[in-house]
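First up is the structure itself, then whatever we jot down about it.
The values are calculated or read from the model by the stated rules, or taken from the named source; none is laboratory data. Bear in mind that the values here come from a model prediction, so they are computed numbers and not experimental data. The protein model used for the area step is the full one, side chains on, heavy atoms only, and it has no ligands, DNA or RNA in it. Shrake-Rupley method; radii C 1.70, N 1.55, O 1.52, S 1.80 Å.
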Amino acid sequence: MKLLRCAGAVAVATTMTLSGTLAHADPAPPVAEPYTLQELVGPYPSDLPARGTFIPVLDGFTGIRDTRPDLMQRNLDQTVEINNGASAVAQQRALFDSNHERLLSLSDGLGEGLGETFRTALHEGRLPKVQALLGGELGRAVGIANLSLLEKQHWSNPRPFEVAPDRIHYYFGDGVSGAADPYAEVGGTSSYPSGHTSSSYLIGILLADMLPELAPQILTRASEVGNSRIVLGVHYPLDVMGGRIMGHAAAADRLSDPAFARLVDEAAAELRAALEWSVGEPLDEYISSDTPYRPIGTALAEYNERMTYGFERIDPSMTNDIPAEAAVLLRGVAPDFTDEQRLDILRRTAIPAGYPLDQAGPNGGWMRIDLAAAYEAV
């Protein structure tokens, strides 16, 4: 009996903190509550693009296709160069991106440790709001109107592997870790704009809004998803550049819709609570010691390079401003700034006007937004 009492005393002592109070057991994980059916159904004003379609903001392509055969040829030649020169690693990542939902690809942007923590939480069902909003092929944030179907039909531009089949290297996966036949999936469909790219930027911008500490890395991973489409030879650089424009405009629509932005905020609270519970410390502390997807300088350089893919300015005299509605893209990192302050950051970090796909007038300026640099500037 004396031995049992001593053992019990030791057990109690080992649960005491230095201050003499009883220590608590590991806290239970945050309670995950999915959206209600009404919240998911909506409808929301942002279910339709602010302009009816995204054709107006993408129409810089028409003039290039109709009057600049030299640029269209370079567009193809760059595709062939990227496709033919892709490393084995780039090929496998491109096949993965083709075969998996965008959210899994973008999770790399969270870093080595936090990305794995995020994927585990998704798999265990502890992020129902994040999954419903950003996951799957038809996450609620994307929706039918943001799939580029109308836009592709409008331009009906043939894909590179169909235009120049003898110049493209074909890459095939196992159907599990990578797409078995990415060409059969898109054969006979239009290339401009890239739907994979537009949805990756839309989802990536909303995820960056939730985790602004990691925004440049998340956005750079979104740019890699777009580049993966060129690696496979199913899209051109101009398709990917157009997909970025569309993704930015679609994200601005979503975040400017107060009712839909509330869904994003609820998903953000769920995500941050689940990640902090999983890693057992504040996110900023964990992120500071995690291995990043890219060092910040590398991320910013990659993102910026994929904004123009080496094209030169075709109209150096063009002047335009960043669209006023783009200010909301910085709300996650600058919640207390005014719209004019956010626009000032977007203006100061933007690339010059006049690159291919850029436009003057009310539908222009989206091409110029370097969102990764803007986040880092804040």
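Rolling a 1.4 Å probe across all protein chains gives ASP265 an accessible area of roughly 80 Å².
Given bins 10 angstrom wide, list per bin the percent of all Cα-Cα distances in the range 27-72, short to long. Answer for the range 27-72: a P(r) of 19, 22, 20, 17, 14, 7, 1 percent. Of the accessible area of the range 280-341, computed with a 1.4 Å probe over protein heavy atoms only, carbon and sulfur atoms account for 51 percent. Residues ASP339, ASP239, ordered by accessible area of protein heavy atoms at a 1.4 angstrom probe radius and largest first, appear as ASP339, ASP239.
Surface composition of the range 19-136: carbon plus sulfur atoms hold 58% of the accessible area, using a 1.4 angstrom probe and ignoring ligands, DNA and RNA.
With N as its number of residues, the range 255-378 has a Cα radius of gyration that, divided by 2.2 N^0.38 Å, comes to 1.25.
In order along the range 314-322, phi translates into HN-Hα couplings of 9, 9, x, 7, 5, 10, 7, 10, 5 Hz, rounded to whole numbers, per the Karplus curve 6.51 cos²θ - 1.76 cosθ + 1.60 with θ = phi - 60° and x for Gly and Pro.
Answer rounded, prolate or oblate for the range 291-336, using the Cα gyration tensor with square roots of eigenvalues a ≥ b ≥ c: rounded when a/c is under 1.5, else prolate when a/b is larger than b/c, else oblate.
Oblate shape, in that a/c is at least 1.5 and b/c is the bigger or equal ratio.
Put simply, the Cα atoms of the chain extend 95, 48, 41 Å along their principal axes, the longest span coming first.
The ellipsoid equivalent to the alpha-carbon distribution of the range 142-272 has semi-axes of 29, 17, 12 angstrom, derived from the gyration tensor eigenvalues as √(5λ) and listed largest first. Taking every Cα-Cα distance in the range 207-292 and sorting them into 10 Å bins from zero, the calculated P(r) comes out as 15, 36, 30, 18, 1 percent.
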